[in-house]
1. Taking each label point as 7 Å beyond Cα in the direction of the beta carbon, state the distances from B:Ile611 to the same residue in the other copies, shortest first, in nm.
2. Measuring nothing but label to label, 7 Å from Cα along Cα→Cβ, what are B:Lys301's distances to the other copies in nm, shortest first?
3. If N is the number of residues in the protein assembly as shown, what value comes out of its Cα radius of gyration divided by 2.2 N^0.38 Å?
4. Taking the Cα atoms of chain B, what is the range of coordinates along each of the three principal axes, in descending order and whole Å?
5. Once amide H atoms are built 1.01 Å from N in the peptide plane, which residues 5 or more positions from B:Arg48, or in another chain, come under 5 Å H to H?
6. Buried accessible area for the A:B pair, summed, 1.4 Å probe, in Å² rounded to 100?
7. As a check on your grasp of the helix formula, calculate [θ] at 222 nm for chain A: sum -39500 (n - 2.57) over DSSP H runs of n ≥ 4, divide by the residue count, round to the nearest 500.
8. Sort the following peptides by mean Cβ neighbour count (other Cβ atoms within 10 Å, averaged over residues), highest first: A:600-606, A:526-532, B:225-231.
2 protein chains.
Amino acid sequence: MSYTDKDSFEPLVVLQFSPTTPTITKDWVIKRLTSSHTEDEGSGLLARYEHTPENQDSIIVIGATLDRLLAGAEEIRIQKWYKNKGLTDFIVADIEHFENSENPSNILYKSEKQRIIYEEIQNLHPARHETTVPGIRKKTFVPENDTILNILTDHDYLVNFFPLHDKEDIKLLEYDWFASRTSMFKSQDIHKIRNYFGENVAYYFAFLEFYTKALVPTAVLGLLLSFTPTSDFFKYSFFCFFNVIWWTVFMERWKRLTNKLAYEWGTLDLQIFERPRSRYFGDLHRSPITDKIERQYPAWKRQVKKYLVSYPIIMGCLIGSLTVYFTFYRTQKKMHAEYPLENPKNPLETKLMRMAPSTCYSLAVIPIKLFYRKLATFLTDYENHRLQTAYENNLTSKLFIFFFVNCFAGLFYEAFFNVNYANVVQLLTTLVIVNAIILKFTEQVVPFILKTFKKSQLKGQSVEKVSEVRQQIKTLTPFEGTYGDYLTIFEQYGYIALFSAVFPWVALCGLINNIFELRADAFKYCYVYQRPFAQPANNIGSWHHAFDILSSIAIVTNTALIAMQPSVREYFSSYSNVEYIIIFVAAEHILLTLKFAIDFAIPDVPHEVEIARAKTLYESSQALRREREHKSERAQSMTTKL
Amino acid sequence: MSYTDKDSFEPLVVLQFSPTTPTITKDWVIKRLTSSHTEDEGSGLLARYEHTPENQDSIIVIGATLDRLLAGAEEIRIQKWYKNKGLTDFIVADIEHFENSENPSNILYKSEKQRIIYEEIQNLHPARHETTVPGIRKKTFVPENDTILNILTDHDYLVNFFPLHDKEDIKLLEYDWFASRTSMFKSQDIHKIRNYFGENVAYYFAFLEFYTKALVPTAVLGLLLSFTPTSDFFKYSFFCFFNVIWWTVFMERWKRLTNKLAYEWGTLDLQIFERPRSRYFGDLHRSPITDKIERQYPAWKRQVKKYLVSYPIIMGCLIGSLTVYFTFYRTQKKMHAEYPLENPKNPLETKLMRMAPSTCYSLAVIPIKLFYRKLATFLTDYENHRLQTAYENNLTSKLFIFFFVNCFAGLFYEAFFNVNYANVVQLLTTLVIVNAIILKFTEQVVPFILKTFKKSQLKGQSVEKVSEVRQQIKTLTPFEGTYGDYLTIFEQYGYIALFSAVFPWVALCGLINNIFELRADAFKYCYVYQRPFAQPANNIGSWHHAFDILSSIAIVTNTALIAMQPSVREYFSSYSNVEYIIIFVAAEHILLTLKFAIDFAIPDVPHEVEIARAKTLYESSQALRREREHKSERAQSMTTKL
């Protein structure tokens, strides 16, 4: 196995410091990164400054020797194909049995190499003998909690920490994904995406595609029905019934696909082997599972924080945001009453005063949402979750509740209290179409223009070739997780699911939007965002619950919407009001029961995955048995010899 | 390790043949049972006739040497305490590390020994060279499906196959359980019960006790409320709200206890290592999990049978039984109209004619229920489930649906369509109290009297000591599974959950009944039934779902019942009918949401069990890693030597 030259290694990961960071601190970081693991508890990586006149040595690029990477792959239990056997933990000593072992540098994907470096840096502490960090005044260190990343972040020295994009890999990826003309009509190669971006991002794209495909029947049926000359009642109820079954089956099939992918990517038993987050703090205890010393934080404390701090605060936020909404609503009503459209005294003033409340509201909502997102992150940090997956699930739930109330409060109010369908239609149209365009614009078009602009600036600035690293730092937006993207789909699914029985065209809009959305998102991940660290995942986390809850609520809203249509009431005109309501409540209960029955009848885990899991469990338990038999045989033969 | 004398071994299990069984067949069975596993594919057990003048050699008693039992324990993966480590698969070669190894005959409980013999006999086939069975004319054998037990059962030669009770063990068990005067107020020692009866029965008693304890607050609160001088609405709704939360928490806590017990009994991962049922048939294939040759039956065929045969037949039965019920109902109404109680022409005729329909119905229901139970068993057999647990779950579901409709159809009809609360109260009283007494009488008192009677008969018949084996055959009822007992609790819980908001005293009746029920059942299992084979289990199977479904339905029925009370309607007299209904539908939805939220918030598996599972998984995966490392090291050192 080969060692690369210490200074000319391939850079994989970038650490960018703030300009105020003392040079001795940066030097110390490089020393910690490069010193060997055995002697000095360092990372044993390769690291150097990215020298350019302009950046004042604020950028460190990091790589690693192949041996170091392979050892790291074993340590963090990266799954690789064992020849003729399937996925297993990669083990260096057994390397010749893994696929691609003829050429060891091809065993790991670049994203995996970057993840290995990421995990190493996440767990890098000051050396045991060090009581101070050069350039940083601080009283004491809590050795178990003070990783180098935490120290740097706490002093605002760390600006950015990300892996580098690989232009050649992107070229291979993008053609089928979004660049070629036929890509629009092809399924994504989800495994390619996973190999480049990691499981977390791959699950997002898998879900978006799966969801978009699931929209097709709904959209087509909705369209067909709206041209069918039958009674409204039949149309609505048939469509509603179809949707309940279709979306329940969809969620179940997605769960199965989720498990299949997790199996193919070797992340099924992720939680057990997942490493703690670097920001997770706690006292050192011996782990009851691995018997190693680990940080531990009592579960009851987390529960107390969750139920007594986080949830009440979130409740407060919900009430606050509803108050803002209804203040806006009342003001608007008052304005509309004061400035009627007919025979305005002063046409300009009328227009302005009528528009004022909604403009104010739209402006007020932006900082509220931003504030809430910061708050949700803060609270989730404060809850101190041990694993990244648990952290993300809790953050997702918080976002979900808030955005649910924010997105749908207005629609619910118009549909069920005001019973003003013209307003509902107008709101839906605005939200679905305008939102999609605005989001695309702010999320993708603007950053792309900025990027092109900055790139041209860079090119203009100096004739010499600007380094790839600097270019990625300058032109790409830092990756902030998949939350925003999921929220977009979630919002759209909400419009479709909650109101589709009566407004079937929403599904069609969503479908058309998503076909473009998927490609636009793909482009965004490749050319607008900095590359994310590959993050293992075995499902889409709490988003699944969010969609599931929405599906259940949808049954309630859709039956209610249908019942509230005058044409349907007419259809049931021989029934009294009370009977009419009871009929629809019964129908709703039957649909809910149907949903749960389907949920229950379809197993979550596909048969082949079940078998594969059982097989792994069986094999490892057999190994444990063999080991114990060998041990006792050895012990016996020892005693016999004595 | 000691061998026992071939003829004076301790009998553990009994095979009883019908008088028509040819002696050569019985001889052949003994030969198969006793011939060694390695030479002749026999069971390697000990077996002999129980000679008495009367029984014509129709009884074979079976035992085994200790070595045979220990080997069997290893084979069927019996879990034992590894010193200082916890439960692991028992391994003979490693015996000195297990608790009680100083005295190997104490390592296994008698119930475990009997289970080992049971499993062996379940898997005993004719020897490979045998093409016919002595005394049985049959064309061909399908070697994989023709176990000896199946052959004997198919020819109606097998009357009984059960393990023997152990009087000394029962003495130790019964004192704390039901025999001492203080036992009424003590918790059961569930582990003792498990050691004697196996997990399946132990779960039943654990559930009965847990459920009975859970009744206390409901019963007390119901009693208190009925004496509180507040509005009916407040009483009912408070009690309903309390019950929703209480029973949801109860079900969740039971799930946690279930998992804790499964962990303590080493049955958590039961499904993976569970052996196929002996009646399971299929073609021989290599198992994808264990890589051994196993019978396999395609899952899709089972699904087809389930959805296209079983379910439609069950639907038909339900419709049939409802038809019977409503025929009875109409006849009764007609009779009541034709023979009014006031001024009867002929008092006797009136009484008789008024009672006739309900008497006919009660008589008709008994064969219907028996028939349905046979049918459900037949259909479940026909579905050909591989594992005993799956078999029982499917049988349970079938029973559950039918008994649900049968027990509650009348009550539902009276409460929601007739709105005749006097009838509901009367029905509930009859069902809860009379049912309990009748059931106890037919299930326990009668068999006990019969037993005492038969025993005295046996004693009178011959002065010599009647053998223990014969006495158990003669005086004890064959064990027929825990279904009947679960059905009894299920029915009672139904009355309590579905109607308790308005009739709170039902819970009190249930509580008092159960305190006696538990002891009576315990007595029944010890002295009325033949001992059941210990059957591993890690939960109460589909019964959990049955109770959970009932809890959800209970929310619907209780809010409806409250809403239908005239006093409550008066309380809301300022609201219109439509508003009133919508208020209660909303309340019902909120309660349902609450239930699901609690379900979701309480984790199913207790933290310590989660950790223990992770630990096992971690350790066995580490063993697999170490094994592979060793292998490759050996391979490398081999190559270096070469």
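The values are calculated or read from the model by the stated rules, or taken from the named source; none is laboratory data. All figures in this text were calculated on a predicted structure; none of them were measured in a lab. No Cβ is skipped: glycine too gets one built from the backbone with ideal geometry, and neighbour counts run over all protein chains shown. Protein only, heavy atoms only, side chains kept; ligands, DNA and RNA dropped before computing areas. Shrake-Rupley method; radii C 1.70, N 1.55, O 1.52, S 1.80 Å.
1. In ascending order, 3.8 nm.
2. Ordered by increasing distance: 5.9 nm.
3. On the way: Rg = 36.1 Å, N = 1284, 2.2 N^0.38 = 33.4 Å.
That ratio works out to 1.08.
4. 96, 70, 54
5. B:Val61
6. Buried area between the two chains comes out at roughly 4500 Å².
7. Roughly -20000 deg cm²/dmol at 222 nm, from the helical runs in chain A.
8. A:526-532, A:600-606, B:225-231
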